[in-house]
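S.K.: The structure follows.
Throughout, read-outs are computed from the coordinates displayed, never taken from laboratory work. What you see is a predicted model; the values in this text were computed from it and never measured. Glycine gets a Cβ as well: all are built from the backbone with ideal geometry, and neighbour counts include every protein chain shown.
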Number of protein chains: 2
Amino acid sequence: MIKANEHYSKLKASYLFADIAKRVEKYQLANPEKQIIKLGIGDVTKALAPAVIKGFHDGVNEMADDATFRGYGPSPGYEFLRQAIAKNDFQDRGADISADEIFVSDGAKCDTGNFQELFATDIKVAIPDPVYPAYLDTNVMAGRTGEFENGRYNGIVYMDCLKENNFMPELPNEDVDLIYLCFPNNPTGSIATKQELKKWVDYAKDNKALILFDAAYEAFIRDKNLPRTIYEIEGAKEVAVEFRSFSKTAGFTGTRCGFIVVPKECMIFNAKNEKISLHDMWDRRHSTKFNGVSYPVQKAAFAVYSDEGKIQVKKQIDYYLNNADIISKAVEELGFDYVGGEHSPYIWIDGKDKNSWDFFDLLLNKASVVCTPGAGFGRCGEQYIRISAFNSLENVILAMSRIKEALA
Amino acid sequence: MIKANEHYSKLKASYLFADIAKRVEKYQLANPEKQIIKLGIGDVTKALAPAVIKGFHDGVNEMADDATFRGYGPSPGYEFLRQAIAKNDFQDRGADISADEIFVSDGAKCDTGNFQELFATDIKVAIPDPVYPAYLDTNVMAGRTGEFENGRYNGIVYMDCLKENNFMPELPNEDVDLIYLCFPNNPTGSIATKQELKKWVDYAKDNKALILFDAAYEAFIRDKNLPRTIYEIEGAKEVAVEFRSFSKTAGFTGTRCGFIVVPKECMIFNAKNEKISLHDMWDRRHSTKFNGVSYPVQKAAFAVYSDEGKIQVKKQIDYYLNNADIISKAVEELGFDYVGGEHSPYIWIDGKDKNSWDFFDLLLNKASVVCTPGAGFGRCGEQYIRISAFNSLENVILAMSRIKEALA
């Protein structure tokens with residue numbers, strides 16, 4: 001008899017963004033005349049940059065001729081792209097990462113979801129709360145948790161991120177083996193200094209733990225003193241893996257490209273406590289279960305690193321950062337406490353007496369604005385909502401004026 | 001202490017095609033003047049069809065304008081593509097599959113690798129030998145096998161495919177829960193009739209087992225009486241999942257698109273022996289760990305189903321089938337036994353006294369031709385090699401003449 005993976009039955013409700021989509025669809029059906037403004041899912045809205053479009057078309061053109069056609073590519077990605085990533089995103093910032101430590105993928109969601117496969121089932125996992133739901137759900141599916149009780153999965157070490165600690169996870173009181181961190185943070189928009197990250201690198205070294213560092217939003221950092229990669233921290237190469245994405249950096253949410261950095265120094269342990277190369281394990285996983293990213297997509301991603309590409313992509317991020325600034329100011333005027341909106345496209349708003357799904361429904365029904373209810377990110381998000389800066393300037397201005405009216 | 005997934009240590013050597021690539025690279029470095037002809041990995045060589053290129057460019061153009069830009073798409077794929085698949089690949093052949101039973105992905109390798117996650121660890125898995133290595137390796141990684149001994153993993157039910165049984169897997173003598181089948185077969189090129197598939201569907205029904213049916217090569221079938229999908233068999237919707245790919249159908253090996261069919265009738269069982277919807281489980285997995293296929297790639301795949309697309313793509317397959325015919329005839333002239341080459345791009349050749357890696361090295365060193373050693377597909381492949389028809393007509397003719405000379 002074909003039996004199911006029992007751990008799936010522990011998963012709560014459906015996936016957050018699917019849930020939101022259903023409520024929005026229902027509202028739109030009931031109110032077909034309303035122009036809904038989506039500041040929810042964190043999906044970019046601006047067209048791909050001209051340089052990226054050119055690279056994309058060039059790639060497609062190569063596929064049109066037998067002489068330049070590309071079949072299966074190297075599973076970690078084309079050398080030309082990995083070299084550009086290593087140089088621009090790491091070496092130029094003083095982080096000693098080489099092209100062969102980079103694995104190109106179809107996005108950070110897949111990577112953050114899949115990477116946990118490399119670890120034993122009985123490791124202790126520390127996850128911030130609130131957090132991007134995929135970290136948690138994929139560990140539930142893999143059997144690293146008990147049942148869901150009082151809003152949390154047994155077996156997980158939750159790191160509360162609240163106003164009291166400036167929304168920064170604190171070192172756990174118990175030993176943990178795998179630590180998820182995300183800066184600039186999704187959903188709170190909080191950002192870690194080098195000192196803050198060093199604390200985690202030191203902890204990981206002292207405890208033979210591993211950090212999974214999600215830096216999908218690093219392009220939003222404008223302060224040169226803030227780290228844009230964890231490898232700016234000394235020793236991080238031994239204890240940290242970094243997830244990156246072109247989704248928020250260059251508008252690739254519908255184009256699909258990201259990458260993981262797995263440094264060769266990074267070691268984990270087998271049952272005999274012997275060191276094992278995490279790089280080799282991921283290489284094996286990647287080449288067994290993945291067949292590389294579409295060649296024209298890799299050409300498009302490569303164009304992000306061209307001189308024009310860099311300028312155009314920075315301009316897009318500046319545009320979203322300006323939106324974030326407008327949202328922050330409006331939220332402040334309304335008298336809500338918030339964090340984020342600086343070095344980040346997200347504004348995390350304290351609804352005070354409002355439950356986050358109620359706050360979500362209120363904004364949807366009274367202002368036709370979609371946000372993300374904080375509860376979808378964990379128990380600590382229960383009185384918060386996340387507003388995203390990913391939309392047109394016009395829509396952001398309109399949305400904030402509607403919200404002001406609705407809450408007046 | 002961060003501990004590794006111990007099951008990875010059971011994996012033998014590196015992944016087959018990576019292994020071959022290394023030998024080829026070494027040979028080319030030592031013999032820079034040699035023009036190597038690759039009839040190994042099964043990678044297409046012909047450019048994407050003009051209709052597909054047009055669809056691809058159109059998709060990229062939409063990404064260039066804010067008004068038509070696409071961000072995150074629906075995780076199972078765009079409706080326009082799923083509708084086209086359902087109609088053309090299934091409904092038009094009398095198989096009652098609807099668009100919402102289709103999940104578009106970045107390729108069948110990922111899908112066949114990932115799908116096993118939905119099942120309990122202690123199910124009994126039946127896998128043909130020889131077989132596409134990813135089926136086996138991904139089950140090893142998931143802990144469904146014991147150690148590797150005498151060329152096989154303990155715990156797996158191997159279904160020998162040999163000359164004696166026409167290279168067709170036979171119903172297992174013991175109860176199995178999950179059955180991998182692949183027709184037209186990779187690597188043997190053998191093909192199943194409706195009667196043959198019905199035997200498996202009946203077995204699955206009688207034993208509450210599930211069939212994972214890999215139909216990546218269905219486009220090579222030219223005999224109208226042969227099934228191109230398992231859903232041509234009555235009752236298959238209750239007990240079979242089908243994997244499909246645009247890689248071999250339309251030359252998408254470097255473009256990356258495939259899909260899975262998970263019929264809504266398909267049920268598996270929880271620990272209490274209650275029925276669970278496999279469709280719902282995969283939907284949850286897909287939306288949690290995957291973020292959809294690149295929009296321009298989906299537009300390119302959609303163009304495969306246009307009137308011009310269908311004609312152009314069929315012409316490409318005909319071209320490869322003609323190559324397969326040439327290879328078959330040459331192999332026959334050389335006096336080797338073989339199977340495949342008809343309704344399939346693969347020819348599976350019995351090397352008789354030759355070990356398959358020796359045969360591989362002989363063809364590489366004496367004819368500068370790359371094939372795939374049968375041993376890489378399992379113990380039953382140890383005296384076989386696989387030759388693929390994916391190359392230009394000129395190269396296929398040249399390769400066969402070189403092989404004839406080398407073996408003279």
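S.K.: Below 8 Å between Cα atoms, with a sequence gap of 6+, how large is the relative contact order for segment B:298-408 in percent? Walk me through the numbers before you get to the answer.
M.R.: Details: 157 pairs, mean separation 27.3, N = 111.
Reported relative contact order: 25 percent.
S.K.: Which distances, shortest first and in nm, link B:Glu149 to the matching position in the other copies, using label points set 7 Å out along Cα to C-beta?
M.R.: Output for B:Glu149: 4.1 nm, nearest copy listed first.
S.K.: Output the relative contact order of segment B:121-178, whole-number percent, from Cα pairs under 8 angstrom with separation of 6+ residues.
M.R.: 44 percent
S.K.: Another question, then. Shortest first and in nm to one decimal, what separations exist between A:Pro74 and its copies in the other chains, measuring from label points 7 Å along the Cα-to-beta-carbon line?
M.R.: Once sorted, the set of distances for A:Pro74 reads 3.8 nm.
S.K.: Could you tell me the relative contact order of segment A:354-408? Use alpha-carbon pairs under 8 Å, at least six residues apart, and round to a whole percent. Working shown, then result.
M.R.: Numbers: 63 pairs, mean separation 18.6, N = 55.
Once divided by the residue count of segment A:354-408, the mean separation gives 34 percent.
S.K.: Further question: What lysines does A:Lys10 reach when the alpha-carbon gap must be under 17 Å and sequence neighbours fewer than 8 apart in one chain are set aside?
M.R.: B:Lys272, B:Lys275, B:Lys289
S.K.: When chain B is treated as a GNM, springs tying every alpha-carbon pair under 10 Å, which of B:Gly71, B:Gly189, B:Gly155 comes out with the largest mean-square fluctuation?
M.R.: Of B:Gly71, B:Gly189, B:Gly155, the Gaussian network model singles out B:Gly71 as fluctuating most.
S.K.: State the percent of C-alpha pairs, over all pairs in the protein assembly as shown, separated by a distance greater than 39 angstrom.
M.R.: When every Cα pair of the protein assembly as shown is considered, 37 percent fall beyond 39 Å.
S.K.: With unit charges on the beta carbon (Lys/Arg positive, Asp/Glu negative), name the residue among A:Tyr231, A:Tyr319, B:Gln28 whose Cα is farthest towards the positive pole of the charge dipole of the protein assembly as shown.
M.R.: Result: A:Tyr319, furthest along the dipole toward the positive end.
S.K.: I need A:Trp357, A:Trp200 ordered by Cβ neighbour count within 10 Å, fewest first.
M.R.: Placing the least packed residue first, the sequence is A:Trp357, A:Trp200.
S.K.: If you build a Gaussian network model of chain B, linking Cα atoms that sit under 10 Å apart, which residue out of B:Asn165, B:Asn88, B:Asn186 swings the most?
M.R.: Looking only at B:Asn165, B:Asn88, B:Asn186, the largest GNM fluctuation is found for B:Asn165.
S.K.: While we're looking at this one, here's another question. Under a Cβ-only charge scheme (Lys and Arg +1, Asp and Glu -1), can you give me the dipole magnitude of chain B about the Cα centre, in debye to the nearest 20?
M.R.: Charge dipole of chain B: 640 debye, to the nearest 20.
S.K.: Separate question: Please give the net charge around B:Asp89, taking every other residue with its beta carbon less than 10 angstrom from that of B:Asp89, where Lys and Arg add +1 and Asp and Glu add -1. Don't skip to the answer; put the middle values down first.
M.R.: Numbers: positive: B:Lys87, B:Arg93, B:Arg228, B:Arg244; negative: B:Asp92, B:Glu218, B:Glu242.
Combined, the nearby Lys, Arg, Asp and Glu give +1.
S.K.: Nm distances between the label at A:Asp280 and the same-position labels in the remaining copies, 7 Å along Cα→Cβ, shortest first?
M.R.: Shortest to longest, the spacings are 4.4 nm.
S.K.: Going by how many other beta carbons lie within 10 Å of each one, how would you line up B:Phe103, B:Phe246, fewest first?
M.R.: Least to most surrounded, the residues fall as B:Phe103, B:Phe246.
S.K.: Out of residues 5 or more away from B:Gly258 or on other chains, whose amide H comes under 5 Å of its own, with H placed 1.01 Å from N in the peptide plane?
M.R.: Answer set, sorted by chain and number: B:Ser105, B:Asp106, B:Gly107, B:Phe246.
S.K.: Can you give the mean number of other chain Cβ atoms that lie within 10 Å of the Cβ atoms in peptide B:280-290?
M.R.: 6
S.K.: Now for a separate question. Once you sort the root eigenvalues of the Cα gyration tensor of segment B:1-132 as a ≥ b ≥ c, which label holds: rounded (a/c under 1.5), prolate (a/b larger than b/c) or oblate (the other case)?
M.R.: It is oblate, given that a/c is not under 1.5 and a/b is not larger than b/c.
S.K.: Suppose only helical runs count, i.e. DSSP H with n ≥ 4. What mean residue ellipticity at 222 nm does that imply for chain A under -39500 (n - 2.57) per run, divided by all residues and rounded to the nearest 500 deg cm²/dmol?
M.R.: -11000 deg cm²/dmol
S.K.: Further question: Determine, at each q value in 0.10, 0.11, 0.12 (inverse angstroms), the log₁₀ of I(q)/I(0) that the Debye formula gives when each Cα of chain A is one equal point scatterer.
M.R.: Summing over Cα pairs of chain A leads to -0.69, -0.84, -1.00.
S.K.: Can I ask one more? What net charge do the residues around A:Ile347 carry, taking every other residue with its C-beta under 12 Å from that of A:Ile347, with Lys and Arg at +1 and Asp and Glu at -1?
M.R.: In short, -3.
S.K.: Name the aspartates and glutamates eligible as straight-distance cross-link partners of B:Lys329: C-alpha to C-alpha under 16 Å, and not fewer than 8 places from it in the same chain.
M.R.: Result set, ordered by chain and number: B:Asp337, B:Glu342, B:Asp350, B:Glu394, B:Glu405.
S.K.: Still on this model: Pick from A:Asp65, A:Asp214, A:Asp129 the residue whose mean-square fluctuation is largest in a GNM of chain A, springs joining Cα atoms under 10 Å.
M.R.: So, out of A:Asp65, A:Asp214, A:Asp129, the one fluctuating most is A:Asp65.
S.K.: Between B:Asn166 and A:Lys315, what is the spin-label point distance in nm, taking each point 7 Å from the Cα along the Cα→C-beta axis?
M.R.: 6.6 nm
S.K.: Moving on to the next point. Please report the net charge: other residues with Cβ closer than 15 Å to the Cβ of B:Lys315, K and R +1, D and E -1.
M.R.: So the environment of B:Lys315 carries a net charge of +1.
S.K.: How well do other chains shield peptide B:49-60, expressed as the mean number of their Cβ atoms within 10 Å of each residue Cβ?
M.R.: 4
S.K.: Indicate, rounded to the nearest 5 percent, the antiparallel portion of the DSSP beta bridges found entirely in segment A:53-306.
M.R.: Close to 45 percent.
S.K.: In terms of Cα to Cα distance under 19 Å, which lysines are near enough to B:Lys194, apart from those fewer than 8 places away along the same chain?
M.R.: Reachable lysines: B:Lys205, B:Lys224, B:Lys237.
S.K.: Among the DSSP beta bridges whose two residues both lie in segment B:207-362, what percent are antiparallel, rounded to the nearest 5?
M.R.: Working: 10 of 14 bridges.
Taking every DSSP beta bridge with both residues in segment B:207-362, the antiparallel ones total about 70 percent.
S.K.: Related question: Fewest Cβ neighbours within 10 Å first, please rank A:Met1, B:Met63 accordingly. Don't skip to the end; give the middle numbers.
M.R.: Numbers: A:Met1 14, B:Met63 24.
Ordered by Cβ neighbours within 10 Å, fewest first: A:Met1, B:Met63.
S.K.: How much length is gained if the chain between A:Glu405 and A:Asp65 is pulled fully straight, taking 0.36 nm per residue apart and subtracting their Cα-Cα distance, in nm to one decimal?
M.R.: Length difference between fully extended and current span is 116.7 nm.
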